[in-house]
Amino acid sequence: MSVYKPAKSRFYQYDFRYKGKRYTGSTGVETLRKAEAVERHIRGEVALGLHDDQAGMTLDQGAGQWWEEVGKHLRTAKDVERRLETLLRLMGKDTRLVDINTRKVSVAIEKRRGETYQKAPDKPGKPAKRYPVANATVNADIISPLRRILRRAETVWEVKPIAKIDWKALTLAEPEPEIRLYTADQRAAWIGQCDPVAGQALEYLLRYGLRLNELFFAPAAYLPADEFAGPRLAINKRKRGVMLLPLREDDARDVAARVGRAQAADLETIWFEEIVLPACGKRPEKIILEPLSYYGLQARLRSAAKRAGINMARVIHGARHHAGTMMLGKTGNLKLTQQLLGHADIKSTLRYAHALEADLRSALEESPPQESRASQAKSARKR
């Protein structure tokens, strides 16, 4: 008998076996009919796996286990760790994995969309401007990590039942990536408005597709030519680790000269400008090297672009898109473009495929015209 009433208790107990495992406990009710209903309900939950040990796994436990098995081994581990913290904050650490459904994920998404962030610290009496969180960030903070945790929980850790979540409906629309190509006149005007140091930095951005922060490599990152390869830069890419970027010979000479002077002055960057201290009394003229900061160079490049009449959003990052488009347009080779830009996934490089449109149009124009079916039929009747 699976439902019975102990002699010293006023509540009925349930006691049954399922797949060789015994389940027993109090129904919490005092009548037989109610006790049988409770027992049927518990049997249903047992069949669904809700009373298994794994069914009690919380999101905090699942995120921690996924981090140990997968997350910390990714190249983007730092970003992943930060996103997991955001996910736990919005979904709740104690939420069971089996309780997560489309509705709960939707609530977490709306919470994240309602948050803002600031790019600069607050100043006394003047709070910094706050910006809304982009859809792409919301997707990356919630949907991407949660989907991977739940998939592993179901397929590897055998946590059941994991709810079927409509990820497609939950995913927020993201704007199409902007493709930028600066004309020769725009490039010349922009470089012309730069001082010599910023101008040289801009040429590297337009040629090699580096992000601005990647320009601030340590002097030791320059690798001169040897018997095995030409001059290169060891650039730390966010998702691929260190990438060896080949340099043109003329650029290599300029970088080598800057590296030598930076090392002699014990600077951490090759981006500096000369400051001449004139002779004064017995003190001779002196030249010192003043290093440029990331924000200093950024401000110079933005101001130069504005003076050149280039008033676009993310004008500096546009140089990276320009380099990728130019490389693909010249070579027609997606793998080379991927290598130049340091994309971990070639899907990111496919956004530049529009650069092949001109070549495709030329090939179509050069192909001989085909006689239409109507013309062919007419010629056949004449014969």
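The values are calculated or read from the model by the stated rules, or taken from the named source; none is laboratory data. Everything numeric in this text was worked out from a predicted model, so none of it was measured. Ideal geometry is used to build each Cβ from the backbone, glycine not excepted, and the neighbour counts take in all protein chains shown. Surface areas here come from the heavy atoms of the whole protein model, side chains and all, with no ligands, DNA or RNA. Shrake-Rupley method; radii C 1.70, N 1.55, O 1.52, S 1.80 Å.
Excluding ligands, DNA and RNA, the accessible surface per residue across segment 143-268 is 55 Å² with a 1.4 Å probe. The value for segment 178-237 of Rg(Cα) / (2.2 N^0.38 Å) is 1.34.
About the centre of its Cα atoms, segment 219-275 shows a dipole size close to 480 debye [charges on the beta carbon of Lys, Arg (+1) and Asp, Glu (-1) only; nearest 20 debye].
How far, in nm, would the chain grow between residue 293 and residue 185 when pulled straight, counting 0.36 nm per residue and subtracting the alpha carbon separation?
Working: separation 108, 0.36 × 108 = 38.88 nm, distance 2.82 nm.
Contour length minus the Cα-Cα distance gives 36.1 nm.
Considering only the Cα atoms of segment 94-197, their convex hull presents on average a projected area of 12.6 nm². Once you put a point 7 Å from the Cα of residue 346 and another 7 Å from the Cα of residue 26, both along the Cβ direction, what distance in nm separates them? Taking the simple label geometry, residue 346 and residue 26 are separated by 6.5 nm.
Percent of C-alpha pairs per 10 Å bin in segment 198-328, short distances first: 11, 37, 33, 14, 4, 1. Rolling a 1.4 Å probe over the heavy atoms of the protein chains gives segment 301-357 an accessible area of 51 Å² per residue. Of the solvent-accessible surface of the chain, computed with a 1.4 Å probe over protein heavy atoms with every protein chain present, carbon and sulfur atoms account for 51 percent. What FRET efficiency, computed as 1/(1 + (r/R0)^6) with R0 = 56 Å and r the Cβ-Cβ distance, is obtained for residue 73 and residue 10, rounded to the nearest 0.05? Efficiency, from the Cβ-Cβ distance: 0.50.
Any chance you could run the full-extension gain for residue 254 through residue 307? It's 0.36 nm times the residue separation minus the Cα-Cα distance, nm to one decimal. Let's see the in-between values first.
Values: separation 53, 0.36 × 53 = 19.08 nm, distance 2.64 nm.
Value of the extension gain: 16.4 nm.
When the chain is described by a simple charge dipole with +1 on each Lys and Arg Cβ and -1 on each Asp and Glu Cβ, the residue from 183, 90, 350 located farthest towards its positive end is 90.
For the ranges 143-152, 267-276, what's the packing order if you count other beta-carbon atoms within 10 Å of each residue, average per peptide, and put the highest first?
Numbers: 143-152: 18.7, 267-276: 15.5.
Ranking, from highest mean packing down: 143-152, 267-276.
Working from label points 7 Å from Cα in the Cα-to-Cβ sense, the residue 353 to residue 174 distance is 1.7 nm.
Taking the longest Cα principal axis of the chain as reference, the axis of helix 294-307 is set at about 60 degrees.
At 20 °C and 1.002 mPa s, grab the translational diffusion coefficient of the chain from Stokes-Einstein with a Kirkwood Rh over Cα pairs, rounded to a whole number in µm² per second. Value of D from the Cα-based Kirkwood radius: 79 µm²/s. Separation of segment 303-339 from segment 218-235 is 24 Å, based on Cα centroids. Helices in the chain, meaning DSSP H runs of at least 4 residues, each add -39500 (n - 2.57). Divided by all residues, the mean residue ellipticity at 222 nm is -13500 deg cm²/dmol.
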